[in-house]
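Take a look at the structure set out below.
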Amino acid sequence: MTFIHAFLPLGLHLCSVLVIAFWLFRTTQKILLCRNKSTDNIPPGTGGLPLIGESLQFLSANSSAKGLYHFVHIRRLRYGNCFKTNIFGKTHVFVSSVESAKAILSNDFVNFTKRYVKSISELVGDQSILCATQEYHRLIRGRLSNLFTMDSTSSFIKHFDHLIVTTLRSWEHKQTVVVLDDALKVTFQAICKMAISLENPNELEMLQKDVGQVCEAMLAFPLNLPYTRFRAGMKARKRIMEMLKKIIDERRQGCGECHEDFIQSLVSEDEKLGCKLTDSQVQDNILTMIIAGQITTASAMTWMVKYLDENQEIQHTLRAEQQLMLADKNPCGSPLTIEDLNAMPYASKVVRESLRMASVVPWFPRVALKDCEIEGFKIKKGWIVNIDARYIHLDPTVYHDPSEFYPSRFDDESKPYSFLAFGTGGRTCLGMNLAKAMMLVFLNRLVTTYRWKVMDPDSSLEKWVLFARPRTGCPIRVTRV
Ligand code: HEM
């Protein structure tokens, strides 16, 4: 064997190593260039790895104690107020100014429409109002808004008040109470009664477990494979759909007792709109209401308890207002009413401030229906543009001393598009008044019954949740007022 024959394979190996190293160097260089510079006025940011983009970083933020929003936070620090990323194969842009919120939300249905990541839309179902665009959105929003009548809200408040009073009574002899656990339970009970007249404790418990699994899967990788979080969520969704289908069949056949709840109104033909909803339209939207209403409200209530513990003077002012309101109430000891809730100006500001600080729904996703420009950057048709409400709520140019819990900042009207806890425009939260009512009832009964101390001030966040909430669930110890 000659010298050349002996060393030829080694030389070939060396060449291929050099070619691969050169390719890696060029690719990294391109990625870095793309990170630091935006070409053609495209928002800065990296597309991440081929196919999966930055999905792994997104999922890893979701499973960390810093919470999902940390994914957005660190990129905004790196690239500025408008940046681009790629999640689950889609280009996402995040924007975080009042001006961009206005540009997008005032053009909903014209230049933009709502679009959730695939995992969420598969779990709530394609007939859900959350996934609805244009015509179908108008139809379904019309039907769902009709459910929130004055009568239904009044009886809801009365029922919710009863649940809260019972729950608080059970706290008296407990060593420690985990606020989030009871808040989730009580909001779930209230919404299920209003939506489907479900009150059986065992059935409620099973349904709450299933709804919890659906929610946990919402930000999982949307691959329906055995033993994955997403598969578990889809199976839970199937069980919920079957349960709702049974109720729908009974209601359509007119058997059993007569109910005045959301599902009854949705299965009946709307005389004004002249349309009948299909079973899957009813099923997806009942599930949506339960999900949209329970976890958001319970998380907001939990944050409110934490903020009030950290701000004793505010708690003191609030207690004085609430005690005065109860003292004036006639007959004394009767359930709270809409009128009572309207006579709580300071408590309403406490609720608003808690919603601002907590930003339970941190950003709102929209898809661009055409090429356009936001914050001076080009946005291409099909890209998802997310309005970062949390940043707007904590922007010092919008709110003075934004990290201070200061309800009186709402003595004056907020500037348009600066308070986005419930969104604004054609997609504003349908349950906004119900959510505020639940928070006010809870606040009134809590501060007039107990003083409390948060036992574990750990502020790390729970993993795998769409709406940020404390990992500890906010354990408190209560003493009678
Ligand atoms: C504190 C509690 C709540 C918060 C913070 C909240 C927040 C929000 C936000 C920010 C949006 C719209 C975002 C966007 O523009 O994309 C929304 C939409 C919605 N919310 Fe709520 N929500 C709460 C409670 C409720 C309740 C109690 C219900 C019903 C029982 C409800 C039902 C809905 C529905 C159906 C939509 C979709 C509206 C549409 O797309 O037209 N929410 N919510």
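The helices (runs of 4 or more DSSP H) located wholly in region 49-146 that include 2 or more residues which are out of contact with any Phe, Trp or Tyr (no Cβ under 7 Å at 6 or more places or on another chain) and within 16 Å of the ligand (Cβ to nearest atom) occupy 98-105, 118-124, 134-145.
In the set (1) outside any loop (DSSP other than H, G, I, E, B); (2) charged (D, E, K, R); (3) under 14 Å from Ala358 (Cα atoms), the condition left unmet by Asp395 is number (1).
Yes or no, residue by residue, for (1) in contact with a Gly (Cβ under 6 Å, 6 or more places away or on another chain); (2) at positive phi; (3) surrounded by fewer than 20 Cβ atoms within 10 Å (Cβ to Cβ); (4) of a type in the set (A, V, I, L, M):
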| position | (1), (2), (3), (4) |
| --- | --- |
| Ser60 | no, no, yes, no |
| Phe71 | no, no, no, no |
| Leu77 | no, no, yes, yes |
| Asn86 | yes, no, no, no |
| Val93 | no, no, no, yes |
| Val124 | no, no, no, yes |
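A search for C-beta distances below 7 Å between a residue of region 213-226 that is under 19 Å from Pro365 (Cα atoms) and any residue that is surrounded by 17 or more Cβ atoms within 10 Å (Cβ to Cβ) and hydroxyl-bearing (Ser, Thr, Tyr), counting only pairs 6+ apart in sequence or on different chains, returns Ala217/Ser119; Met218/Ser119; Leu219/Ser119; Ala220/Ser119; Phe221/Ser55; Pro222/Ser119. When you check Met194 against the structure, is it open to solvent by 60 Å² or more (accessible area, probe 1.4 Å), aliphatic (A, V, I, L, M) and either at negative phi or part of a helix (DSSP H, G or I) (or both), yes or no? Answer is no for this residue.
When residues in region 377-434 are screened for being within 16 Å of the ligand (Cβ to nearest atom), open to solvent by less than 30 Å² (accessible area, probe 1.4 Å) and touching a strand residue (DSSP E or B) at 6+ places or on another chain (Cβ under 8 Å), 9 of them pass. The criterion of being away from the ligand (no atom under 16 Å from the Cβ) and part of a loop (DSSP other than H, G, I, E, B) holds for Ser459. When restricted to residues that are under 24 Å from Glu122 (Cα atoms) and touching an Asp or Glu at 6+ places or on another chain (Cβ under 9 Å), region 79-91 contains 3. Residue by residue through region 155-169, note down the ones that are surrounded by fewer than 19 Cβ atoms within 10 Å (Cβ to Cβ) and either of a type in the set (D, E, K, R) or over 12 Å from Val441 (Cα atoms) (or both). If the condition is that a residue be surrounded by fewer than 19 Cβ atoms within 10 Å (Cβ to Cβ) and either of a type in the set (D, E, K, R) or over 12 Å from Val441 (Cα atoms) (or both), then Ser155, Lys158, Thr166, Thr167, Arg169 are the ones that fit. All of Leu355, Leu336, Leu318 fail the test of being open to solvent by less than 30 Å² (accessible area, probe 1.4 Å) and under 30 Å from Asp108 (Cα atoms), apart from Leu355. Pairing residues of region 431-455 that are touching a residue at least 60 places away in the same chain (Cβ under 8 Å) and assigned to a loop (DSSP other than H, G, I, E, B) with residues that are of a type in the set (S, T, N, Q) and more than 11 Å from the ligand (Cβ to nearest atom), at Cβ distances under 7 Å and at least 6 apart in sequence or on separate chains, gives Met455/Thr176.
The values are calculated or read from the model by the stated rules, or taken from the named source; none is laboratory data. Note that the coordinates shown come from a computational prediction; the quantities given were computed from them, not determined experimentally. Glycine also receives a Cβ, built like all others from the backbone with ideal geometry; neighbour counts cover every protein chain displayed. Please note that ligands, DNA and RNA were not included when accessible areas were found on the heavy atoms of the full protein model with its side chains. Shrake-Rupley method; radii C 1.70, N 1.55, O 1.52, S 1.80 Å.
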